[in-house]
Amino acid sequence: MSAPDGNAGTGSAPAHIRVEGITLGYGETLVQQDLTFDIRRGDVFVIMGGSGCGKSTVMRCLTGLLAPWSGRVLLGGESLWELPAARRSALMRRNGVMYQSGALWSSMTLEENICLPLEQYTKLAPEQMRAIAEYKLALVGLAGFGDHYPSEISGGMRKRVGVARAMALDPEVLFFDEPSAGLDPLSARRLDELILELRESLGTTMVVISHELDSIFTIADDAVFLDAETKTMLATGNPHELRDHSPVAQVRAFLTRGEADQDAAA
Ligand SMILES: Nc1ncnc2c1ncn2[C@@H]1O[C@H](COP(=O)(O)OP(=O)(O)OP(=O)(O)O)[C@@H](O)[C@H]1O
């Protein structure tokens, strides 16, 4: 189930993250099994699938928060879950995560929110941190908003601040948990454009959870499709390719909002 040739993304780039046969769950409950896929360096990679299939669970495993029951996650060649905890934490510090809500502290200004990871993980002087925060806000199109509080800006802007904060430590991989959830279509499209701009200008590998088809087709170079029923992946590859050529009916149905099934039945 490797990615098809002729992928629209950065075709020949080496794997940044390699997922090798992982099985995951909580307690006794299996969520996903036998997942194997590569995330190429500099790609926007989407984890897609219906509600509750395990997208966030897989992301927790890739971000060092949930150990797999079996299998390996190789990050830049290092086996994440076989490392000593201290080394794993150090590796994870090189990643940024943007959560659904943006997860900003309401009592802090936007600048203070972005400075938090810098205070936690660096010994930079306060003015250096402020300069970085200002630069990151400019990167997400919010130059000059540093003194505002989260309640003073729109939902779409809060998400952008979430992205700026996730980028505070210049991550090698940026993870997004349903970035456009709760946004109006225009703000959602702007966020997609921001993801593509940042990938273009910084070359950061982006891993995005999404079930929004418009967004998936706009941003994804490559993707994996998780199925809740069989509790495994049914395909990996470029979403346009999968929509048009996947031999798996569920994958085509998901990527065409069910129209492929209806066509086949007609
Ligand atoms: N902390 C947890 N403990 C036990 N079960 C959990 C936990 N978190 C999630 N689950 C269960 O694991 C399954 C997968 O959940 P997960 O949130 O990974 O799916 P998802 O595809 O991200 O869902 P959605 O699209 O609705 O956000 C679900 O059945 C969920 O109830």
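A short reminder: the numbers here are calculations on the coordinates, not readings from a lab. No experiment lies behind these values; they were computed from the predicted model shown. Note that each Cβ is placed from the backbone with ideal geometry, even for glycine, and that neighbours are counted across all protein chains shown.
Would you mind getting me the FRET efficiency between residue 79 and residue 189? Use the beta-carbon distance for r and R0 = 35 Å, nearest 0.05.
Calculated transfer efficiency: 0.40.
Between residue 214 and residue 201, what is the label-point separation in nm under the 7 Å Cα-to-beta-carbon projection?
Here the modelled spin labels are 2.4 nm apart.
Order of 26, 121, 99 from fewest to most other C-beta atoms within 10 Å?
The order, fewest Cβ neighbours first, is 26, 121, 99.
Taking Cα centroids, how far is segment 25-77 from segment 192-209 in Å?
Here the answer is 20 Å between Cα centres.
Using the basic label-point model (7 angstrom from Cα toward the beta carbon), what is the residue 103 to residue 91 distance in nanometres?
Inter-label distance under the simple model: 2.0 nm.
With each run of n ≥ 4 DSSP H residues scored as -39500 (n - 2.57), what mean residue ellipticity at 222 nm is computed for the chain after dividing by its residue count and rounding to the nearest 500 deg cm²/dmol? Walk me through the numbers on the way to the answer.
Working: 10 runs with 100 residues, N = 266.
Calculated mean residue ellipticity at 222 nm is -11000 deg cm²/dmol.
Hey, quick one: spin label on residue 256, modelled 7 Å out along Cα-Cβ, who in segment 210-246 has an amide N within reach, i.e. under 19 Å?
212-218, 225-226, 234-246
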